[in-house]
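The values are calculated or read from the model by the stated rules, or taken from the named source; none is laboratory data. Nothing here was measured: the structure is a model prediction, and the numbers come from that model. Positions of Cβ are backbone-derived with ideal geometry, glycine not excepted, and every protein chain shown enters the neighbour counts. For the accessible areas, the whole protein counts, side chains as well, though only heavy atoms, and no ligand, DNA or RNA atoms are used. Shrake-Rupley method; radii C 1.70, N 1.55, O 1.52, S 1.80 Å.
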Amino acid sequence: MSIFRGRVLNRGQAMVEFVIVVIPLLLLVLGALQFALIYHAKITLNYAAFETARAGSLTGARMIFMENAFTRALAPLYTTPYLSQGASCSSDYTIDYTADVGVAATPRNLNITHVECARDFVRRLVGGGYARIVLVNPGPNSFLDFREDFESVRDYDPAEDSLLSGRATIPNDNLMYRDASPGINSEQSIQDANLIKVHVSLCYELMVPLVDLVIKELLTLGEDPTADFVGIDHGDSAAAYGRGGFSIVGTGTSTFGGNCANRTDDPSPDQQNFRGIPIYAQAIMRMHSPAVKEGDETEMACSGYCP
């Protein structure tokens, strides 16, 4: 009789245990998938940071060339041969899983429209504040200490003087024999001023359901952190450029991280409920050309989210 009573009490035990275990197990599996995607995006962003610094070192740290390099290097993250888009690459998204990669209409004429559209998508990320490039070094104080006026050159149009004429530059020649004394404003030598350092950021979309909600809630647990990221700047601009490189970005939008985690509009057409996580990378390289000061004399060169 006691054995029969035990069987009755144990009836449904497996179902209860399954209900208890399935939720954390599902979160574990989905979380592993989401973080694998984030890790893939981080690796791609690391490469984009390197390419951005490399382009800057060869072109006077000019933002237009660094933007092109950043766009080109980050495009593989959004490139797929199965995504066909309209002529403007901003509408008419269709999925075709039967499409071949690089179909050649004629010999030596590969179809790379999906690559071009991915680059255009990254440009729209930068323009919409979902991606950012900050030239950390050389900074404004570096140009104050070591500036020389750019000579009149022929750059954009052989018939006209370049827009670079008269701009401040940091000399790049004979660095071995130049005075290594630190400057008054930057507290760095001219050799240090000839190191280019870029800080890039990406607001990566969380794509795995359920996990995206959990991650967003964890990112926005409290207010914005009050500490500044001193790796970028020691002044007031540190709050705008650097803060947000923490695990909790808060509920405000005064930083890139907070702006990313609290946005709901998707840069893709006709999509809402965007949930993103900020990803950061940086790269340092020796300058191979004289750095050119662009924009205001007191501002750091920045593209994308630049409050």
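Some notes on this structure:
- If you sort 277, 170, 23 by accessible surface, 1.4 Å probe, largest first, the order is 23, 277, 170.
- A simple spin-label model places pseudo-atoms 7 Å from Cα toward Cβ; at residue 30 and residue 210 they are separated by 0.4 nm.
- Partner lysines whose Cα lies under 20 Å from the Cα of residue 216, excluding those fewer than 8 positions away in the same chain, are identified as 42.
- Between residue 185 and residue 173, the distance separating the two model label sites (each 7 Å from Cα on the Cα→Cβ line) works out to 2.4 nm.
- If you sort 202, 77 by accessible surface, 1.4 Å probe, largest first, the order is 77, 202.
- Potential lengthening between residue 21 and residue 254 on full extension [0.36 nm per residue; Cα-Cα distance subtracted]: 79.9 nm
- Cα-based reach from residue 293 at 26 Å (exclusive), listing lysines while leaving out same-chain residues under 8 positions away: 197
- Spin-label model distance (nm) - residue 58 vs residue 43, 7 Å beyond Cα toward Cβ: 2.5
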